[in-house]
1. Note down the magnitude of the dipole of the range 53-161 about its Cα centre, charges +1 on Lys and Arg C-beta and -1 on Asp and Glu C-beta and zero elsewhere, to the nearest 20 debye.
2. Could you tell me which GluC sites (Glu not before Pro) in the range 139-235 are loop residues by DSSP with no more than 16 other beta carbons within 10 angstrom of their beta carbon?
3. Any idea what the dipole of the range 2-77 comes to, in debye rounded to 20, about its Cα centre with Lys/Arg Cβ at +1 and Asp/Glu Cβ at -1?
4. I want to check the label-to-label distance for Gln223 and Ser49. Put each point 7 Å from Cα in the C-beta direction and report it in nm to one decimal.
5. I need the Debye-formula profile for the range 1-57: one equal scatterer per C-alpha, no solvent, reported as log10 I(q)/I(0) at q = 0.29 1/Å, two decimals.
6. With only Lys, Arg, Asp and Glu charged, each at its Cβ (+1 for the first two, -1 for the last two), find how big the charge dipole of the range 83-236 is about the Cα centre; round to the nearest 20 debye.
7. Please list log₁₀ I(q)/I(0) at q = 0.16, 0.17 Å⁻¹ for the range 161-238, using the Debye equation with identical point scatterers on the alpha-carbon positions.
8. If I take R0 = 35 Å and measure r between the Cβ atoms of Lys183 and Ile60 in this structure, what FRET efficiency does the formula 1/(1 + (r/R0)^6) give, to the nearest 0.05?
Amino acid sequence: MFVSTKGIVLQTIKYSDNSLIVKIFTRNAGIVSFIIKNAFSKKSKQPASYFAPLTILDIIYKETYTEKLSFLKEVSISNPFHAIHYDLKKSSILLFYQELLMKLLVQANASDEPLFDFIQEHLIKLESTQEVAPDFHIIFLIQLIQQLGYKPEQNFTLQTPYFSIEDSNFGSKFIDIPYFLSKEASYYLFTILKKQNHIIPEKKTRMELLNGMLLYLMKNNNQIKEIESVVILSEVLS
């Protein structure tokens, strides 16, 4: 049976001189691995260039329940990326997204259409946004955490101004970073959770929140141990 769906490229591995193994997060079935033969041939209808990280594809493939690798019958790029590849900020954010999603979705073997649609929407937004804000990726991360079901309690008040990574809520006590966020980072988190307009704080506070939310994600999902691309983001996004 042939299946027509959308997919997002998570990982591409060179398999031989002319072939690729590609992991694609599909809208209908989660992660599906494909073998792409003759990917480097000039005459290929499935060229290697189609399978750059996080490319959004329209695909038709034969559903199989016995083989580890499937074959693509047809493939085309659904939403081409142009601006991302020529913008250092955008390409750095894309690298962060790719590492994060590859580690998060490695065992996503079932359909999750809302999650797929959420990721696709943000990728298209990254491409189309004229000038990305310095906290573009932080908003994505926090909304992704909510999408995955690891929702922090939104109980921020003047009496409970500190977010606890361990307790997943705002409290009155502050012990130490990184397991508690400062007042500034906690309020910043709260405004994003509530989808309120906010003044983007200084880099120190942004990095505190980013690192705190990555730690929070690691606490809730043991597939993530480290996100190396954060170092690049800290250099590129002032």
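1. Once rounded to the nearest 20, the dipole reads 220 debye.
2. Those satisfying the criteria are Glu153, Glu166, Glu202, Glu226, Glu228.
3. 140
4. Output for this residue pair reads 3.1 nm.
5. Relative scattering, expressed as log10 I(q)/I(0), comes to -1.20.
6. Charge dipole of the range 83-236: 300 debye, to the nearest 20.
7. -0.61, -0.69
8. Step by step, r from the Cβ atoms, then E = 0.10.
Taken together, the values in this text are just the output of simple stated rules run on the coordinates, not laboratory data. Quantities reported herein were computed from a predicted structural model and do not represent experimental measurements. Positions of Cβ are backbone-derived with ideal geometry, glycine not excepted, and every protein chain shown enters the neighbour counts.
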